[in-house]
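The block underneath contains the structure these notes are about, expressed in structure tokens.
The values are calculated or read from the model by the stated rules, or taken from the named source; none is laboratory data. All figures in this text were calculated on a predicted structure; none of them were measured in a lab. No Cβ is skipped: glycine too gets one built from the backbone with ideal geometry, and neighbour counts run over all protein chains shown. Ligands, DNA and RNA are excluded from the accessible area calculation, which covers all protein heavy atoms including side chains. Shrake-Rupley method; radii C 1.70, N 1.55, O 1.52, S 1.80 Å.
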Amino acid sequence: MNLFVWNDDMTSQIPVVVTPASSQDFLNTGDWQTRWNTPEISAMPNKVGLHRADDGELLGLMSYRLDERGMAVEVVYVESAGHSNANLLRQNNRPKKYYGIAKALFAYAIFVSVDAGFGGVLFCRAKTTELRSYYMKEFGAVPLGQYDPFRMIIWEDAAEQIVSEYKAVNENG
């Protein structure tokens with residue numbers, strides 16, 4: 001799987017890798033929206049880090065779990081590094097350093113879902129109205145029900161669309 005993010009002006013794809021998150025990754029979240037070295041975060045399952053493939057720079061973190069009953073992977077929490085987190089940067093009117101961090105992490109979760117026999121299906125919960133709209137527009141997510149409009153699902157067809165962006169790179173690059 002050849003994942004990538006975009007540089008700040010969207011002209012270059014930067015190869016990235018996903019690895020199990022390390023204690024050093026968690027320590028590097030001091031300027032993030034969420035500190036990943038808290039007891040609450042420690043209790044989250046399956047934490048992975050998204051790093052630049054060339055220099056190891058930490059770009060994002062995600063926690064996920066396999067939901068056997070729902071036959072899907074649940075993205076428990078996902079966050080971009082402070083230098084690329086839209087919420088943090090909007091407050092300071094600064095541009096992102098990288099684009100596509102969340103998409104690369106969701107693509108990884110889709111691969112986990114496929115490997116588990118769930119066909120790429122993902123559950124997630126958008127933290128804000130803006131993220132809900134973003135997940136719907138960019139990832140093809142749909143609300144899972146009326147009770148909680150922030151609970152989203154990405155079905156197989158939308159999952160395939162997401163990973164197809166990375167397959168094209170694999171086949172052509």
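Numbers at a glance
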| read-out | value |
| --- | --- |
| Test: residue 123 is aromatic (Phe, Trp, Tyr), touching a residue at least 40 places away in the same chain (Cβ under 8 Å) and part of a loop (DSSP other than H, G, I, E, B) | no |
| Of all residues making up the stretch 1-13, the number that are in a loop (DSSP other than H, G, I, E, B) and farther than 13 Å from residue 108 by Cα | 6 |
| Residue ID - most open to solvent (accessible area, probe 1.4 Å), chosen from residues in the stretch 80-109 that are assigned to a loop (DSSP other than H, G, I, E, B) and polar (S, T, N, Q) | 93 |
| Verdict on residue 134 being within 29 Å of residue 8 (Cα to Cα), in contact with a strand residue (DSSP E or B) (Cβ under 7 Å, 6 or more places away or on another chain), open to solvent by 10 Å² or more (accessible area, probe 1.4 Å) and not hydrophobic (A, V, I, L, M, F, W, C) | no |
| Subset tally (residues that are under 22 Å from residue 18 (Cα atoms) and in contact with a Lys or Arg (Cβ under 9 Å, 6 or more places away or on another chain)) for the stretch 132-159 | 2 |
| Cβ pairs under 6 Å, 6+ apart, first in the stretch 38-62 and closer than 13 Å to residue 108 by Cα and open to solvent by less than 20 Å² (accessible area, probe 1.4 Å), second among the aromatic types (Phe, Trp, Tyr) and assigned to a loop (DSSP other than H, G, I, E, B) | 61/36 |
| Qualifying residue in the stretch 139-156 (condition: more than 26 Å from residue 33 (Cα to Cα), assigned to a helix (DSSP H, G or I) and touching a strand residue (DSSP E or B) at 6+ places or on another chain (Cβ under 6 Å)) | no |
| Residue match in the stretch 14-32 (condition: open to solvent by less than 30 Å² (accessible area, probe 1.4 Å), β-branched (Val, Ile, Thr), in contact with a Phe, Trp or Tyr (Cβ under 9 Å, 6 or more places away or on another chain) and more than 15 Å from residue 104 (Cα to Cα)) | yes |
| So residue 65, is it open to solvent by 30 Å² or more (accessible area, probe 1.4 Å) and outside any helix (DSSP H, G or I) | yes |
| Residue 77 being under 23 Å from residue 41 (Cβ atoms) and open to solvent by 10 Å² or more (accessible area, probe 1.4 Å) | yes |
| Unmet requirement for residue 45, which otherwise passes all of (1) under 21 Å from residue 118 (Cα atoms); (2) touching a Leu at 6+ places or on another chain (Cβ under 8 Å) | (2) |
| Test for residue 163: is it over 25 Å from residue 87 (Cα atoms), of a type outside the set (Ser, Thr, Tyr) and at pLDDT below 95 | no |
| The stretch 3-12, residues that are open to solvent by 80 Å² or more (accessible area, probe 1.4 Å) and in contact (Cβ under 8 Å) with a residue 12 or more places away in the chain | 8, 10 |
